[in-house]
1. Summing +1 for each Lys or Arg and -1 for each Asp or Glu, what net charge is found among the other residues whose Cβ lies under 10 Å from the Cβ of Ala36?
2. Pairs Lys163/Lys201; Lys163/Lys357; Lys50/Lys136: which are spaced more than 29 Å apart, C-alpha to C-alpha?
3. Quick check: residue separation of Arg151 and Gln73 times 0.36 nm, minus the Cα distance between them. What number comes out in nm?
4. Using θ = phi - 60° and the Karplus curve 6.51 cos²θ - 1.76 cosθ + 1.60, what whole-Hz ³J(HN,Hα) does each residue of the range 113-128 get, with Gly and Pro shown as x?
5. What is the sum of charges around Gly112, taking Lys and Arg as +1, Asp and Glu as -1, for the other residues whose C-beta is under 9 Å from the C-beta of Gly112?
6. Give me the one-decimal nm value for the distance between modelled label points at Glu203 and Val31, 7 Å along each residue's Cα-to-Cβ direction.
Amino acid sequence: MKIYRILSMLFLAIPHACSGSSAVMKSASSVDQTGAVRIKKEDLFMKVLKTVQGNPDSEYRNRYMRFANTILQESYEVAKRPVMSAGRENKFGAAYPIHPEVLSDIMDLSQGKTVLEVAAASGENGFLLGLTGAEKVYINDIEESEIEKCRARLSLLPTDAQKIFTLVQGDCLEVFKDAQYTGHFDVIYARNIIHFLYGDKREDFIGTMYRLLKPGGCLIITANAIGRMMQLIGQNSRAYVFKTTTYLLRTDGTGRCESLSRDIEVEDNLVDVDPLRYKVVPLVNITKKGPKYENAFSSLESSLQERINDLVSDVYEEGDIGKKGKLTIIKHEAQSISYTHATLYEAFSNTDLVVLKTLLTDHFGHVVNSQGAAHSLTMLFQKPLHSGQEKVAQ
Ligand SMILES: C[S@@+](CC[C@H](N)C(=O)[O-])C[C@H]1O[C@@H](n2cnc3c(N)ncnc32)[C@H](O)[C@@H]1O
């Protein structure tokens, strides 16, 4: 039996599922223990099906749906995917490629619209937006290797559907400088990029996204959230937490590698600062879970802990590779800022963008209502139709 028929039978069995997005949500989504609506993979697939089912060419439909289905199978709650960057895996960490509830909202916003996904890595979100009704989707990443993955993927789509997508390799602050892109995009999705940017670079990023956005258009920003620290300091805290992953190689003959991370808390509200200048609180291991890493740092003898702290402080000061005694720091990278509602909002306070919605998402990418569980924070901003005028009060 043809894939289309199987899928149609499977999904059309859900009552009213094709009659609109709210019906889709009612029919298949569920509510988690925090009261948040949980979108299922089938809900997202239904949006694909709805877009293509009117096409009389069965071969076209099959390839279109297979393409979308593959992305959903590979991405939905399956695994964090490492991002290759400059030949190094994990420079930008690893993340669930899809935030289902956030993506579902953006699919609704993108109907018939021109969409840009910046820093898209392997482009899962951009592709799904194009396959669920966006008219035109630009997928951007600075890394050729990521765009290459997108290109390879794109070739699997029917030729006509390929025309929805434009792949743009390069720095998103540079490649859209041409005046033709100013005010060109109805929807811009920037996921997991802003927390890697500080000071002028972040201002440049915000200014660029603002310029590219059409009046009335929506900018969706996802950033690391302070998560469980938010419980301690409150969602309105203006503190920033800079998380830095430091790889420590133990050279005491065991050949063992420890990967420890540390949080650096900034005591004031300055944003135009180099986080590395700040005093560091003791190393904590919050990114690696499980027995192997649990208390990895605190289980070291205290003199060693002290030496690590000294060593890491030196490295922060020098910004370089360090070596001391038994330990060598082999990498020092992946610095990122974790945001609260207040600090993410504040980052955009020089614009007149209006916050439409804020969503917290957990480690599995799902929206949650509990701040403590929040791994990421997504803000949906809208550019006023008559922008550039007075700031819109929140
Ligand atoms: C943490 S990954 C996020 C990938 C994807 N958006 C996601 O949420 O899973 C950051 C991505 O930003 C890309 N990137 C970094 N700086 C960039 C820039 N200036 N312009 C475009 N892409 C950039 C990296 O290559 C990487 O793919």
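Just so it is clear, none of the values below were taken in a lab; they were calculated from the coordinates. As the structure is a prediction and not an experimental result, all values here were calculated from the model. Heads up, the Cβs are rebuilt from the backbone with ideal geometry, glycines too, and the neighbour counts pull from every protein chain shown.
1. On the way: positive: Arg38; negative: Asp32, Glu101, Asp362.
Net local charge, Ala36 excluded: -2.
2. Lys163/Lys201; Lys163/Lys357
3. Working: separation 78, 0.36 × 78 = 28.08 nm, distance 1.90 nm.
Fully extending the segment from Arg151 to Gln73 adds 26.2 nm.
4. For the range 113-128, the Karplus-derived couplings read 10, 9, 10, 10, 10, 8, 6, 7, 6, 8, x, 3, 5, x, 4, 5 Hz, x marking Gly and Pro.
5. -1
6. That separation, rounded to one decimal, is 4.6 nm.
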